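Reviewing the structure listed below.
The values are calculated or read from the model by the stated rules, or taken from the named source; none is laboratory data. These figures come from a predicted structure and were not determined experimentally. Methodologically, a virtual Cβ is constructed for each residue, glycine included, from the backbone with ideal geometry; neighbour enumeration extends over all protein chains shown.
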Amino acid sequence: MVPPANCFTVLVIDDMLPNRVLLGKVLKSAGYAVVEATDGVEALTLLEDRGLLPDVIVTDIEMPGMDGITLVDRVRRLDLPSSQIPVIAASGNADELMRRDALAAGCDVFLTKPFDLNVLRREIAGLIKTRRQSAGNRADTPASESAPNRIELRLREAK
């Protein structure tokens, strides 16, 4: 599937079909192209082997095969442009440890299910906007200075 040139793409990863269907409908109605994966293994195959480069990844944490935290950790270690894709992680059984583990693995945002779909849309739009702005600054700024550690960002926001 090739999205239109003026369309942003979201990779939705969830082992539960109803969740993927709901997120797909909500995101498509907001104008996003949606690519689905049923678990971390399938998502990693799309990113590594098929060269998928979505604008944002939305992943469940608790999935069979490869969970969301392991997936994000593996994505961040890729030597591909996909390693820089913003990630929103979500779980219905979230606790503080899971949230910290997800952020430490490289997630940009952590949401607890069921989440407010308006909040999800705002988070996706915000991540895309931030990524586009930082891409414009990359030519002028060394990479080590342009991308603060995600954990540091989350800690600053919490204050």
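Annotation: residue 38 fulfils all but one of (1) of a type in the set (S, T, N, Q); (2) within 15 Å of the chain's Cα centre (by Cα); (3) modelled with pLDDT under 95; the unmet one is (3). Note on the stretch 78-126: residues that are part of a helix (DSSP H, G or I), β-branched (Val, Ile, Thr) and crowded, with 18+ Cβ neighbours inside 10 Å total 1. Within the stretch 127-140, residues that are under 16 Å from residue 32 (Cα atoms) and polar (S, T, N, Q) reach no partner that is surrounded by 11 or more Cβ atoms within 10 Å (Cβ to Cβ) and at pLDDT 80 or above with beta carbons closer than 7 Å at six or more positions or on different chains.
Report, by residue number, each residue of the stretch 32-48 that is part of a helix (DSSP H, G or I) and under 25 Å from residue 126 (Cα atoms). Those that are part of a helix (DSSP H, G or I) and under 25 Å from residue 126 (Cα atoms): 40, 43, 44, 46, 47. The single condition among (1) in a loop (DSSP other than H, G, I, E, B); (2) within 15 Å of residue 14 (Cβ to Cβ) that residue 52 does not meet is (2). Scan the stretch 36-77 residue by residue and report those that are crowded, with 22+ Cβ neighbours inside 10 Å, of a type in the set (Gly, Ala, Ser) and either out of contact with any strand residue (DSSP E or B) (no Cβ under 7 Å at 6 or more places or on another chain) or more than 21 Å from residue 114 (Cβ to Cβ) (or both). Answer for the stretch 36-77, where residues must be crowded, with 22+ Cβ neighbours inside 10 Å, of a type in the set (Gly, Ala, Ser) and either out of contact with any strand residue (DSSP E or B) (no Cβ under 7 Å at 6 or more places or on another chain) or more than 21 Å from residue 114 (Cβ to Cβ) (or both): 40, 43.
Taking the stretch 85-102, which residues are in contact (Cβ under 8 Å) with a residue 24 or more places away in the chain and farther than 13 Å from residue 59 by Cα?
Applying the first criterion (in contact (Cβ under 8 Å) with a residue 24 or more places away in the chain) to the stretch 85-102 yields 85-94, 98, 101-102.
Selection gives 93, 94, 98, 101.
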